[in-house]
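Asker: For reference, the structure I am asking about is given below.
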Amino acid sequence: MRGAVLYGPRDVRFEERDVPKIIKPTDAIVRISATCVCGSDLWPYRGINQVPRPTPMGHEYCGIVEEVGHAVTSIKPGQFVIGSFFASDNSCPNCQIGYQSSCELKEFVSTAQASILRVPLADGTLVATPAVPSQDLIPSLLTLSDVMGTGWFAADAANVKPGSTVAVVGDGAVGLLGVLSANQMGAGRIIAMSRHESRQRLACEFGATDIVTERGDEGVARIKELTSGMGADSVLECVGTQESMVQAISSARKGGYVSYVGVPHGVEFDGEKLFYSHVHLHGGPAPVRRYLPEMIKLVWNRKIDPGKVFDLTLPLDQVAEGYRAMDERRAIKTLLRP
Ligand SMILES: [Zn+2]
C-alpha cells in the first residue's frame, strides 16, 4: 500500500507503507474512497510544527469498511462510513456530554492520506451512511470528517441562532463552512472577512451577506460600522493566530459569543482586556462525532453542499502537489482520490 509521508518542511512523499491490520478487537479497516489535505497539515508542512521523523499524514477520511475486529458490533464490512479525526468510544462521560474529541480513550487518526486506514474504536467513531453513496456525494460526505464538522462546531459554539448577526474571521475552508453552517442555523446576517476574490465568491454562495476585506483594527471598525456600533452577536475565529483572535474578540458585541476552532499558534490573552470584553468564549478541537448523524442527513438529502470547498482534485499519488497548491494559496482545499 502507498501513502503520504512528511519528511520535513515542504517534503511530502508518496511511498510504500505497511498495509494496516486489525490490532485491537475494536478496530475497523477502511478502504479510503476520498481523503484530503487539511489547513492544519500546513503547520508541520511549513516547518512551524517540528517534524522529528518521517510522519504519515492525513486525518480526514471516508470509505468502505473492509474488515472489523471481533468486538465491533454496529459497524459492518461493506458499509460506507465517515469518522472524526479523533477516534472516540462515544460512551465515556466526556463523549456523553458531546465532547467526543476529548474522549477518555481518544486516539488521533493520522494516517488517512493512503488507500487503506485502520480506525480505532470503530463502533464509537464511525457513522455509516444509509447506503453506498453516489460518486457526486463523496466530496461533501468527506468534509464531514473534519472541515465541515469544525465549521459547524464553530457556528454552534458561537451560539448562532435564527436572526443572529455573525462575523467569520478566516476565509480558509473551515471559515467558509462556518458561513454555510451559520446560514443553515438561520443567521440573519453573515459577515465574512476575506480579501481573496474566489473565497469571497464561495462565501457568498454559502450565505454570506457582507464581505469585509480589512483586517486588524480596521476590520473591527468595519464590523462595528455594519452593526450600528455594537459588534456581532456571534464571531467564529477560524485561523488560530494572535491577530485573528484579537480581531474576533474585538468584533463581538458586549455579551456576544466567540468560538475558536483554529489550532492556536502563539496566542496569548490579556486578562484585563478579556475581562472588559464581556464575551463568551467556547472552542477547541471540534467534537465532530456529535454532529455526524445530523450532517450526514443534510448532505444525503442534498440540503447542503459543503464539498464545494474542494477546488482541486488530484489522484493520491500527486499528494505533494496537493500540499503545494494549498501552501501557495492556489487552492482552498485539495481532495485526493486513491
Ligand atoms: Zn469517550
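Asker: Tell me yes or no: at least one residue of the stretch 211-229 is under 13 Å from VAL168 (Cβ atoms) and in contact (Cβ under 8 Å) with a residue 60 or more places away in the chain.
Answerer: Within the stretch 211-229, none of the residues are under 13 Å from VAL168 (Cβ atoms) and in contact (Cβ under 8 Å) with a residue 60 or more places away in the chain.
Asker: From the list VAL319, VAL309, VAL279, VAL299, which residue is closer than 22 Å to MET245 by Cβ, of a type in the set (A, V, I, L, M, F, W, C) and buried (at least 16 other Cβ atoms within 10 Å of the Cβ)? If you could, list the steps in order and put the result at the bottom.
Answerer: Details: VAL319 fails: closer than 22 Å to MET245 by Cβ; VAL309 fails: closer than 22 Å to MET245 by Cβ; VAL299 fails: closer than 22 Å to MET245 by Cβ.
VAL279 is the lone residue from the list that is closer than 22 Å to MET245 by Cβ, of a type in the set (A, V, I, L, M, F, W, C) and buried (at least 16 other Cβ atoms within 10 Å of the Cβ).
Asker: From the list LEU236, LEU314, exactly one residue is surrounded by fewer than 22 Cβ atoms within 10 Å (Cβ to Cβ), in contact with a Gly (Cβ under 7 Å, 6 or more places away or on another chain) and in a strand (DSSP E or B). Which is it?
Answerer: Working: LEU236 fails: surrounded by fewer than 22 Cβ atoms within 10 Å (Cβ to Cβ).
Exactly one residue qualifies, and that residue is LEU314.
Per-residue answers, yes or no, for (1) within 18 Å of THR150 (Cα to Cα); (2) among the polar types (S, T, N, Q):
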{"residue": "SER234", "(1), (2)": "yes, yes"}
{"residue": "GLY240", "(1), (2)": "yes, no"}
{"residue": "MET245", "(1), (2)": "yes, no"}
{"residue": "GLY266", "(1), (2)": "no, no"}
{"residue": "ASP270", "(1), (2)": "no, no"}
{"residue": "ARG290", "(1), (2)": "yes, no"}
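Asker: With respect to GLY188, is the statement that it is more than 16 Å from the ligand (Cβ to nearest atom), crowded, with 24+ Cβ neighbours inside 10 Å and either within 24 Å of ALA325 (Cα to Cα) or in the same structural domain as VAL279 (by TED's automatic domain parsing) (or both) true?
Answerer: Details: more than 16 Å from the ligand (Cβ to nearest atom): yes; crowded, with 24+ Cβ neighbours inside 10 Å: no; either within 24 Å of ALA325 (Cα to Cα) or in the same structural domain as VAL279 (by TED's automatic domain parsing) (or both): yes.
Spelling it out, it is not the case that GLY188 is more than 16 Å from the ligand (Cβ to nearest atom), crowded, with 24+ Cβ neighbours inside 10 Å and either within 24 Å of ALA325 (Cα to Cα) or in the same structural domain as VAL279 (by TED's automatic domain parsing) (or both).
Asker: Let me ask something else. Any idea which of PRO54, PRO44 is more than 28 Å from PRO133 (Cβ to Cβ), surrounded by 16 or more Cβ atoms within 10 Å (Cβ to Cβ), assigned by TED's automatic domain parsing to the domain that holds LEU142 and touching a Leu at 6+ places or on another chain (Cβ under 8 Å)?
Answerer: Numbers: PRO54 fails: surrounded by 16 or more Cβ atoms within 10 Å (Cβ to Cβ).
Selected residue: PRO44, the only one of PRO54, PRO44 that is more than 28 Å from PRO133 (Cβ to Cβ), surrounded by 16 or more Cβ atoms within 10 Å (Cβ to Cβ), assigned by TED's automatic domain parsing to the domain that holds LEU142 and touching a Leu at 6+ places or on another chain (Cβ under 8 Å).
Asker: Search the stretch 140-168 for residues that are under 24 Å from GLY216 (Cβ atoms) and pair each with any residue that is among the basic types (Lys, Arg) and not in a helix (DSSP H, G or I) when their beta-carbon atoms are under 6 Å apart and the residues are at least 6 apart or on different chains.
Answerer: Going by the 6 Å Cβ cut-off, the qualifying pairs are THR165/ARG189.
Asker: While we're on this one: Among the candidates GLY229, GLY255, GLY207, which residue alone is closer than 19 Å to VAL160 by Cβ, part of a loop (DSSP other than H, G, I, E, B) and assigned by TED's automatic domain parsing to the domain that holds GLY170? It would help to see each step written out before you state the result.
Answerer: Working: GLY229 fails: closer than 19 Å to VAL160 by Cβ; GLY255 fails: part of a loop (DSSP other than H, G, I, E, B).
GLY207 is the lone residue from the list that is closer than 19 Å to VAL160 by Cβ, part of a loop (DSSP other than H, G, I, E, B) and assigned by TED's automatic domain parsing to the domain that holds GLY170.
Asker: Hey, among LEU316, LEU292, LEU312, LEU274, which residue is more than 30 Å from SER115 (Cβ to Cβ), of a type in the set (A, V, I, L, M, F, W, C) and in contact with a strand residue (DSSP E or B) (Cβ under 9 Å, 6 or more places away or on another chain)? Even if it seems obvious, please write down each step before you answer.
Answerer: Values: LEU316 fails: more than 30 Å from SER115 (Cβ to Cβ); LEU292 fails: more than 30 Å from SER115 (Cβ to Cβ); LEU312 fails: more than 30 Å from SER115 (Cβ to Cβ).
From the options LEU316, LEU292, LEU312, LEU274, the qualifying one is LEU274.
Asker: Given the criteria surrounded by fewer than 17 Cβ atoms within 10 Å (Cβ to Cβ), on the phi < 0 side of the Ramachandran plot and either modelled with pLDDT of 95 or more or not β-branched (Val, Ile, Thr) (or both), does PHE80 qualify? Lay out the reasoning, then the answer.
Answerer: Numbers: surrounded by fewer than 17 Cβ atoms within 10 Å (Cβ to Cβ): no; on the phi < 0 side of the Ramachandran plot: yes; either modelled with pLDDT of 95 or more or not β-branched (Val, Ile, Thr) (or both): yes.
No; evaluated as a whole, the condition is false for this residue.
Asker: Tell me which residues, restricted to the stretch 302-338, are touching a residue at least 40 places away in the same chain (Cβ under 8 Å), closer than 17 Å to GLY175 by Cα and of a type in the set (A, V, I, L, M).
Answerer: ILE304, VAL309, MET326, ILE332
Asker: Okay, moving on. Could you list, in sequence order, all residues of the stretch 86-134 that are away from the ligand (no atom under 16 Å from the Cβ), in contact with a Ser or Thr (Cβ under 7 Å, 6 or more places away or on another chain) and in a loop (DSSP other than H, G, I, E, B)? Write out each step before concluding.
Answerer: Taking the stretch 86-134 as the starting set, the residues that turn out to be away from the ligand (no atom under 16 Å from the Cβ) are 110-118, 128-134.
Retained after the next criterion (residues that are in contact with a Ser or Thr (Cβ under 7 Å, 6 or more places away or on another chain)): 112-113, 117.
ALA112, GLN113, listed by residue number.
Asker: Quick one: is GLY207 farther than 23 Å from VAL147 by Cα and at pLDDT 95 or above? It would help to see each step written out before you state the result.
Answerer: Values: farther than 23 Å from VAL147 by Cα: no; at pLDDT 95 or above: yes.
When the stated conditions are applied, GLY207 does not pass them.
The values are calculated or read from the model by the stated rules, or taken from the named source; none is laboratory data. Note that this is a predicted model, so its numbers are computed, not measured. Please note: Cβ atoms are built from the backbone with ideal geometry, for glycine as well, and neighbour counts cover all protein chains shown.
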